[in-house]
Every structure is written in C-alpha cells, then in structure tokens.
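K.L.:
First the structure, which I've put down as structure tokens, then a few questions once you've had a look.
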Amino acid sequence: MKTRGCAVVEIALETQTPSRHLLRTGRYTVGSAESTDLQVRCSGVSRRHLQIDVLADGGALITDLDSSNGTRLGRRRVSQLAIVEPTRLRIGEATLTIHPDSDQLGVIGLPPGSWEGKPSRSSAEPSAATDMPQLGWAIIGGLESSLARLAQGESPSAVVAEALGRWRLILDADALRVRHRHDRHLLAAVGDHAQAADQSITLPCAHWQLEIEGLGDPLHHNLQLALTVGLAALTGGSNPPAAPEPAASPAAALPAAVVSSAPAMREVYGLAARVAKGAVSVLICGESGSGKELLANWIHQQSPRHQGPFLAINCAALPAELLEAEIFGIERGVATGVDARAGLLERARGGTVFLDELGDMALPTQAKILRALESASIYRVGGSRAIALDVRFVAATHRQLEQRINQGEFRLDLYHRLAAVELRLPPLRQRRVDIPLLAIHFLAEELTKLQRRSPGITDAALAQLCRYQWPGNVRELRNEMARAALLLQPHQPLDREHLSERIAGSSEGPIDLSLQAALDRAEAEAFAIALAAAGDDHGAAMALLKVSRSSYFRRLRSVREVADSDASSAAADEHCPR
C-alpha cells in the first residue's frame, strides 16, 4: 500500500508533560517564535532554531538555522543531520526525540481543507500538507455522493462498483469485491482477481463482506474501520433493494450539518422528506442534543412554505404567562407600560412554527393552542379580535408524552393534533457508526475556525469516544471536539489526554477497534447467548449457533481462554499500585 512519509516528534521540557506531534512529508521550522510550525518556549531556544524536512521515502533531514545555542546530538553540535532511526536532540532546555518514517500514534486524518490559514512557507518549498487527509478519511469521504446516487434510484451494483474503484486506488490493491456472506452472490467487483495476491483480507459487515486481494502491506485497523463504515453505509447494513425509490432515502437533500452513515438516520430523513410536502403537524421525539431543531428546520426548507419564516420558541424557557404572550401576542394596556405586539403565530404567517420542548408547556397554554388549531384563529392576550391562523406546526420533545398524558400533565387531544406524524431521532449511542464521522467533522470545523493545525485523532482517543454513552448526544460530542481543539498544539493529534475527564477517565479503558477484537467480542456474545438459551446444553447450543461439533468446541475453548485472559488482566489492574 502506498503511504506518505511521516515522522513523530516528541518534545520534552522539565516542567511540562512531553507532547507528541505528527509531521507528514514537508518542511517544518522549530523555535520559540509563534510563527514556527512547532513552538518550543524555553530558555536557550532561538526564535527560528532548526528545520525538519520529512522525506517522502522515509527518514528526515535536520538543519540548524544558525541558532544561538546550537542543536546538539549528545555533546556534539550539528549543523545538518540526516536520520533514519529514532534520534534524540537537545535545543536549549528542551529535548526533541524524532522518530522518522513512523506513525506510532495511529492517527485517523482529517478531511481536506481542514485548515485554511496563511501558509508559513513559500510555494516553492515542499508543502507541509500537514494535516491534510489520510487514507481513512479518503475512504469514507466519498460516501455522500454514493448515497445520493442510491437515493436517485441508481443500481446498487453500479454505485458500489464505483466506490470499490476509489478504494482500490487508495489501498493500492489488485482487486476488491463485495459478496453476500450467505449465498455468495456477487454485488460488485473491480480489478484483476486472477493476479497473484501478496495479501488478501475479508471484512464482514451484516449480510455482506468486502474481499480485498493484492495488498502490498498489512491493512491497518484504522483502514479496516473506515472500510467497514463505508460498506455499512453503502449496503445499509442489509440487502440493498434492487431499485430503491428516490423518495425512500433522500440522502442528496440532507443538510451539510447532518453527518451520518447510519441507516436509522437515513430512514428518519427519508420519511421526513415525504411528510414535508404536506401540511400536517409533525412531532419530533428524541433525546436532548440529538438534532430535533435541525430536522424541524430541514422539514420547513423542504416544504411548500419554505419561503415563509421559520420561528422557534422553547416552551420550557419561559413562565406560562410570558409564554402565552410570546405565542399569541398581547394588546396595549393589558399591563402598565405594555405596548401591543404581535405574537409568534402572527409573525410566522405563511411559514412554520417550531414548538421546542412541547412536553413542558403549561396546561392552560396547551388548551389555547388546541383551540387555535381547531378554530384556525387566535386572540392576543387581552384582545377581542380574531386573527386568522396560517402556520404549520412542528413540535419537539425529549419527554415521554405518553407518560405525561397518563399523569394528567399533557392533553391527549393536543397530542393527537400535533402528532399527525411522529418522527423519532435515534440517540448517538444507538448509531455508534456515526461517532468517528462526527468527531472528525466537528474537529475539522473547530480547527478551521481557530486556524489551527492537527493531523487528526488517534485511534486510542477514537476508541474512547466510541465507548462513551453520550447522554448529551451530538451536541455533547460537538462541544467536546470544540474543547479539545483549543487544547491542541500545532501538528499534535487529538489523543486521550485531550478528552474531558468524564470521557477519558473511564475505568474500563478504551476498547480495541481492531477487526479481530470486534469479531472476538461478537463470538463471545453469541456463545454466551446460545448457552444461556440452551440451559448449558452443548448440543442445543450447537444447533442454535449452526456450527459443527469440532468447530463448536474449538471455538468455545478459544472464547473461554480470551475471557480468562481478560479476567486476569482486570484483576491485575485492580491490585496494581497507583
């Protein structure tokens, strides 16, 4: 597999925790000045102290930039040094350890254009391209156009074949194909499968599997993850329809802010696209931070009312008296110093009104909303003149309305009026396939705002993000990436140390994202379920698992050995002195 040259640079200061930076092919300056690529602020370091050239074919070239105190290898002062193995240099009070031709950090890269700041070098010099795309992002980065083509009714075989062609170039493989895991039906294939393969690998995903032949190098687990995400997105986790209806999954119309390859999200937006064309009220249910207002706004933009206003109000943010005046308006003289003003329902004429946190609306206000819906007219607070109502209602709540109805805290008749169509957004923990995509997307956005550079996210940090339950959903993940971006130094990947304590401090530790670890976990779970269902009857468990006797006992032994190993490791960790 063709890869670009890269180097890991560790900077150690006596008073600080060592930092690690990933540099790709290009030229970098190190010094105390803020304009340098790697800033080292300590005594004895010149403003522009040394230069590091990371070579595409491996190795690095170190050049001292006439610094005052010099660049030292041991006790020797060097002006220029070519290195092909880990080398420790001294500049002032700082120690630089350079690992050429190395990506020890296991970084998943960011999308193109993640940083658009001013270049720190002339265009004639080698581009640092630092922190531009890596292979993992290149694989999943083209999914949007593929999903759009599927939504437009194009043959799944043609769309998957086009994606395989891109992946083949990225992986520098001889051939790729996607087969059904059970009946071996070939969905798509590219390349020369007759050619002798240096390496071959099979990645399973739901009903399908991706077969790769002729890899020059082993497939890094970051790429395995990206390929699995891509295959899941293209096949929808199951058998793709022979000819999908264009309206069934309007991925092409998804707003740019919706970054998802989860089938559940495509299903929600597909239904929303059809609902948007009508005039019925819509109720969006979902946990806080799951994107309810974003979906509501998107429904408005896809509706015949898209040229009218989209006005939102949070029903939990105002007391009942103020909420009523905000929704219906108020007449002059109702209270001392009060002027007449139009309410939300008047100002939204011809458009859409979004009632956020509907479940927290007071009962008296619910009654007036119901009356407005039934009569198609409203009255301002303190007014006697009927005002025609011309709005579409879209409401949202994170509460269980059925429970509040049973408790007498929400009107059943209003629920039926507003929930002509009910859409449910899945929480982030139920679509974990989106966590890597969203984390990369949000980090890239924040780095662009801050004009900062980072090569991406380490696999250790990504594993921890995927383990976390995300009670605040997408909003919490966005805020976490915004916080982490502020902590990153130039060319430093986001690692576990940059995550909030509630995320990075999990006592369970990060999960292993490698394919083998995922298969081991799935196999252990399958055996546990089968044995429990069969009452520890091995014969019945074999039948449930559909495996032969010899295969059953061989794999059961392997599962138990892994479980015993994990238990021993956990016990050792528990008794390890802190």
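K.L.:
Suppose we keep only residues that are assigned to a strand (DSSP E or B) and among the aliphatic types (A, V, I, L, M) within the stretch 453-498. Which one would you say is nearest to Thr17 (Cα to Cα)?
P.N.:
Among residues in the stretch 453-498 that are assigned to a strand (DSSP E or B) and among the aliphatic types (A, V, I, L, M), the one nearest to Thr17 (Cα to Cα) is Leu494.
K.L.:
Select from the stretch 24-41 the residues that are open to solvent by less than 40 Å² (accessible area, probe 1.4 Å) and of a type in the set (Ser, Thr, Tyr) and write down the one among them that is farthest from the chain's Cα centre (by Cα). Let's see the steps before the verdict.
P.N.:
Within the stretch 24-41, the subset open to solvent by less than 40 Å² (accessible area, probe 1.4 Å) is 24-26, 28-33, 36-38, 40.
Next, from what is left, pick out any that are of a type in the set (Ser, Thr, Tyr): 25, 28-29, 32, 36.
Details: Thr25: 27, Tyr28: 30, Thr29: 32, Ser32: 35, Thr36: 31 Å.
Per the stated criteria, the residue is Ser32.
Yes or no, residue by residue, for (1) open to solvent by less than 50 Å² (accessible area, probe 1.4 Å); (2) out of contact with any Ser or Thr (no Cβ under 8 Å at 6 or more places or on another chain); (3) over 19 Å from Ala419 (Cα atoms):
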position: Gly291; (1), (2), (3): yes, yes, no
position: Ile299; (1), (2), (3): yes, no, no
position: Pro309; (1), (2), (3): yes, no, yes
position: Leu318; (1), (2), (3): no, yes, yes
position: Glu321; (1), (2), (3): no, yes, yes
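K.L.:
Looking at (1) over 21 Å from Asp101 (Cα atoms); (2) in contact (Cβ under 8 Å) with a residue 24 or more places away in the chain; (3) among the hydroxyl-bearing types (Ser, Thr, Tyr), which one does Tyr28 not meet, given that it meets all the others?
P.N.:
With respect to (1) over 21 Å from Asp101 (Cα atoms); (2) in contact (Cβ under 8 Å) with a residue 24 or more places away in the chain; (3) among the hydroxyl-bearing types (Ser, Thr, Tyr), Tyr28 is out only on (1).
K.L.:
I'm checking my understanding of the structure. Among residues of the stretch 499-517 that are open to solvent by 10 Å² or more (accessible area, probe 1.4 Å) and not in a loop (DSSP other than H, G, I, E, B), which one is modelled with the lowest pLDDT?
P.N.:
Leu515
K.L.:
Could I ask something else about it? Examine the stretch 91-103 for a residue that is modelled with pLDDT under 95 and loosely packed, with under 15 Cβ neighbours inside 10 Å, and state whether such a residue exists.
P.N.:
No - not one qualifying residue is present in the stretch 91-103.
K.L.:
How many residues are within 21 Å of Ser155 (Cα to Cα) and either among the aliphatic types (A, V, I, L, M) or modelled with pLDDT of 75 or more (or both) when one looks only at the stretch 183-204?
P.N.:
Pass one, the stretch 183-204, residues within 21 Å of Ser155 (Cα to Cα): 183-191.
Retained after the next criterion (residues that are either among the aliphatic types (A, V, I, L, M) or modelled with pLDDT of 75 or more (or both)): 184-191.
The total comes to 8.
K.L.:
Considering (1) open to solvent by 10 Å² or more (accessible area, probe 1.4 Å); (2) in a helix (DSSP H, G or I), say which one Arg432 fails and leave the rest.
P.N.:
Every condition holds for Arg432 apart from (2).
Residue-by-condition table, conditions (1) without any contact (Cβ under 8 Å) to a residue 40 or more places away in the chain; (2) open to solvent by less than 50 Å² (accessible area, probe 1.4 Å); (3) of a type in the set (Phe, Trp, Tyr):
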{"site": "Ser19", "(1), (2), (3)": "no, yes, no"}
{"site": "Leu22", "(1), (2), (3)": "no, yes, no"}
{"site": "Ser43", "(1), (2), (3)": "no, no, no"}
{"site": "Asp57", "(1), (2), (3)": "no, no, no"}
{"site": "Gly74", "(1), (2), (3)": "yes, no, no"}
{"site": "Ser79", "(1), (2), (3)": "yes, no, no"}
{"site": "Ile83", "(1), (2), (3)": "yes, yes, no"}
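K.L.:
Please tell me if Leu437 is closer than 27 Å to Thr25 by Cα and in a helix (DSSP H, G or I).
P.N.:
Here the answer is yes, as Leu437 does meet what is asked.
K.L.:
Identify the single condition in (1) touching a residue at least 40 places away in the same chain (Cβ under 8 Å); (2) touching a helix residue (DSSP H, G or I) at 6+ places or on another chain (Cβ under 7 Å) that Leu355 does not satisfy, given that it satisfies every other one.
P.N.:
(2)
K.L.:
Here is a further query. Taking the stretch 41-55 on its own, how many of its residues are outside any strand (DSSP E or B) and under 16 Å from Thr97 (Cα atoms)?
P.N.:
2
K.L.:
Oh, and also: Looking only at the stretch 447-486, count how many residues are charged (D, E, K, R) and buried (at least 22 other Cβ atoms within 10 Å of the Cβ).
P.N.:
3
K.L.:
Next question. Is at least one residue of the stretch 505-517 farther than 30 Å from Leu219 by Cβ and touching a Phe, Trp or Tyr at 6+ places or on another chain (Cβ under 9 Å)?
P.N.:
no
K.L.:
Starting from residues that are touching a helix residue (DSSP H, G or I) at 6+ places or on another chain (Cβ under 7 Å) and touching a residue at least 60 places away in the same chain (Cβ under 8 Å), keep the ones in the stretch 435-452 and report whichever is farthest from Leu225 (Cα to Cα).
P.N.:
This residue is Arg452.
K.L.:
A further question follows. Which is modelled with pLDDT of 80 or more, within 35 Å of the chain's Cα centre (by Cα) and surrounded by 10 or more Cβ atoms within 10 Å (Cβ to Cβ), of Glu523, Glu561?
P.N.:
Values: Glu561 fails: modelled with pLDDT of 80 or more.
Of Glu523, Glu561, the one residue that is modelled with pLDDT of 80 or more, within 35 Å of the chain's Cα centre (by Cα) and surrounded by 10 or more Cβ atoms within 10 Å (Cβ to Cβ) is Glu523.
K.L.:
Here's something else I'd like to know. If you go through the stretch 1-40 one residue at a time, how many are out of contact with any Pro (no Cβ under 8 Å at 6 or more places or on another chain), assigned to a strand (DSSP E or B) and among the polar types (S, T, N, Q)?
P.N.:
Result for the stretch 1-40: 2.
The values are calculated or read from the model by the stated rules, or taken from the named source; none is laboratory data. This structure is a prediction, so every number in the text was calculated from the model and none was measured. A quick note on method: Cβ atoms are made from the backbone with ideal geometry, for glycine too, and the neighbour counts reach across all protein chains shown. Side chains are part of the model used for accessible areas, which takes the heavy atoms of the whole protein and leaves out ligands, DNA and RNA. Shrake-Rupley method; radii C 1.70, N 1.55, O 1.52, S 1.80 Å.
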